[in-house]
Every structure is written in structure tokens, then in C-alpha cells.
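Written out below as C-alpha cells is the structure these notes cover.
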Amino acid sequence: MDISIKNYRDFLSERYKNSGMFHATILSGPQSEEKDRIIRAIAASIVCQSTGSVRPCMNCEGCRKAFENIHPDITVIDLLKDKKELTVDQMRVVRSDAFVVPNDGENKVYIINNADKMNTAAQNVLLKTLEEPPRFSYFILCAENPSLLLPTVRSRCALIRFISGQSAAAEEDVENTADRLIDTYLSGDRFSMVSFINSLEKTDRITFGNLSSAVSKKTVSRLKTAEDPNIRKKLLKMFQTFDTVSSYLSLNVGVVHILGLLCAELT
Ligand SMILES: [Zn+2]
């Protein structure tokens, strides 16, 4: 599941409507101000007092206190000064505190920053709490690299991937580029197609891989509705070409060579 600054309220409201927030969540992705805001929003959605369907409502006392960082039922745990790991003592405090009923509302939240810097002993203490959490306690583990957490801890948590606005924009960009590439090919204008392909020369491998799968998906979906036999033929050709592209990418063939293939096949 992906969460971003664009979709977080839909995501959280949907989640709330279905079965409520997960008791334990790992939020992966690099630390940033945007991610901090998402963490706050997840916590707010848990302590939100609204009876409406939108979470967090941003209007109630619970939301206000959550976003002002003064909610008594939201506890943030982070690396202690001069420590490189979260310690077993910190997790023992969380464990005993988690059983104390909330102050303000019905739920309480523990935000564990740098959760991937928790040593094994600390993780095992947390694990005991995650195995039988008090019904009112929720845990958000923020980790740049969740694979550093014990598999037993991971298996107790829902994994949510944080997507920054920048990467969301990059994804949108890839989608647009894929559409424009298909349209240019369908237009039959060879010159435009050659310059389009040339303009992709500085694309990095990961973006190029994303572009390639976007083109494949889009040609398939366009084939479902296209009736003109000429268009269908071209879409099929494009699909087959990008099938070859994806096998080249998996063989580590360089982007420039692949662009050569595209020029040969599609212009
Ligand atoms: Zn609220």
C-alpha cells in the first residue's frame, strides 16, 4: 500500500471505514517533512473524535492536538542523544505504558521513529507488545529500511510505503511520457518519433524501466477499445517492441542501445 501527501486522507478514511487503522504499521520511506506530516495524519486519524467518515477530520480536539504535537495520547519515541540504537529500556517503557488507558479519547498511539535502528533485544520486547496489543494502543514504526526489522516484527505489522510528492510527480511524468510516446507513434510522423526517442537519451535505467512498463500497460488497455485495424496493428507492434525492451532491461542492456532498437522498430 502506498501513501502520499496527495492521497493520505482518502487512504485513511477508506481504512477507517473498512476496519479501522491497523494496530501496528510500518511506514517505510526516507525521512522528510512530508513524511512527518503523514505520520501525524495517521496518528490523528487514530485519535480523531469525529463521527464523520473523513479521517483525520482536522477539526476536532483530537486532530488539533495531534497536529500541534501536544496530544497526551500520542507518544513519540526516537534515538536518545548519543545513542545509535533504540534501546531495550525504551521499549520496556513503551510496553508498560501501552497498557495504561488513554487520557483524552479512546485510543493512544506510539510513533517509533528510526524503528530500523532498534537492536534485537529491543525488537523482541516490542514484539511481545505487538503480539497482544491492548485494544486501545496503536503503533507506527517509521523505518527507512524495513528489511532491517526482524521478520517476526514485520509479520505483525501492515507495511505502508510512503511516496514523496517528488516521486509521485515522477510517476505522473512517466505516465504522461508513455501516453505521448504512444500518440506520437500512432500519428505516423517519423521525424517526431525519432526526436522523441532521442529525447529519452538521458533517462536513467529505473525511470526507463517504469516508462517501458507504462507503455506496455497502456498499449494493452488501448487495444481493448481500438477498432481501426491500422491502429490495432501499430499498438500490437508497440506492445511487442516494448516486450523486447523489458527483456533487454532485465539483461542489463544499456538505455542507449535500447533507444537504438526503438528507432529501428518504430520509425
Ligand atoms: Zn478529528
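Any read-out appearing in this document is the output of simple, stated calculations on the displayed coordinates, not a laboratory observation. All of these numbers come straight from a predicted model, not from anything done at the bench. Backbone-built Cβ (ideal geometry, glycine too); neighbour counts: all protein chains shown.
What fraction, in whole percent, of alpha-carbon pairs in segment 1-96 exceed 22 Å separation?
34
Between segment 146-163 and segment 19-46, how many Å separate their Cα centres?
Spelled out, the Cα-based centre of one part sits 13 Å from the other.
Using a 10 Å cut-off around each Cβ, can you sort Cys63, Cys48 from fewest to most neighbouring Cβ atoms?
Fewest-to-most Cβ neighbours within 10 Å comes out as Cys63, Cys48.
Once you have the Kirkwood Rh of the chain from its Cα pairs, apply Stokes-Einstein at 20 °C and 1.002 mPa s and quote D in µm²/s. Mind showing how you got there, number by number?
Working: Rh = 21.5 Å.
The Stokes-Einstein estimate is 100 µm²/s.
Return the Rg/Rh value of segment 167-266, two decimal places, where both radii are evaluated on C-alpha atoms and Rh is the Kirkwood radius.
0.94
Suppose we keep just the alpha-carbon trace of segment 47-186; what are its Rg and Dmax in angstrom?
When restricted to the Cα atoms of segment 47-186, Rg and Dmax are 19.5, 65 Å.
Can you tell me the equivalent ellipsoid semi-axes for segment 124-213? Use √(5λ) from the Cα gyration tensor, largest first, whole Å.
The answer is 46, 13, 10 Å, longest axis first.
Just tell me which lysines come within less than 23 Å, Cα to Cα, of Lys233; anything on the same chain fewer than 8 places away is out.
Lys217, Lys218, Lys224
At 10 °C and 1.306 mPa s, grab the translational diffusion coefficient of segment 44-106 from Stokes-Einstein with a Kirkwood Rh over Cα pairs, rounded to a whole number in µm² per second.
Values: Rh = 13.3 Å.
It diffuses with D of about 119 µm²/s by this estimate.
What residues qualify as long-range amide H neighbours of Ile26, i.e. H under 5 Å apart, gap of 5 or more or another chain, H built at 1.01 Å from N?
Leu141, Ala158, Leu159, Ile160
If packing is taken as the average count of other Cβ atoms within 10 Å, what order do 171-179, 195-203 fall into, highest mean first?
171-179, 195-203
So how much slack lies between Gln240 and Ser199, counting 0.36 nm per residue of separation and subtracting their Cα-Cα distance, in nm?
Roughly 12.6 nm would be gained on extension.
Below 13 angstrom from the Cβ of Cys263, what's the summed charge of the other residues (Lys, Arg +1; Asp, Glu -1)?
Here the charged neighbours net out to -1.
Between Ser250 and Lys217, what FRET efficiency follows from the Cβ-Cβ distance if R0 is 22 Å, with the result rounded to 0.05?
Here the calculated transfer efficiency is 0.80.
Could you give each residue of segment 141-150 its phi-based ³J(HN,Hα) in whole Hz, using Karplus coefficients 6.51, -1.76, 1.60 with θ = phi - 60°, and x for Gly or Pro?
9, 9, 9, 5, 10, x, 5, 7, 7, 4
Volume per residue, Å³, of the convex hull around the alpha-carbon atoms of segment 1-52?
85
Going through segment 15-117, which GluC sites (Glu not before Pro) have at most 11 other Cβ atoms within 10 Å and a DSSP loop state?
Of the GluC sites (Glu not before Pro), the ones in loops of segment 15-117 whose Cβ has at most 11 other Cβ atoms within 10 Å are Glu68.
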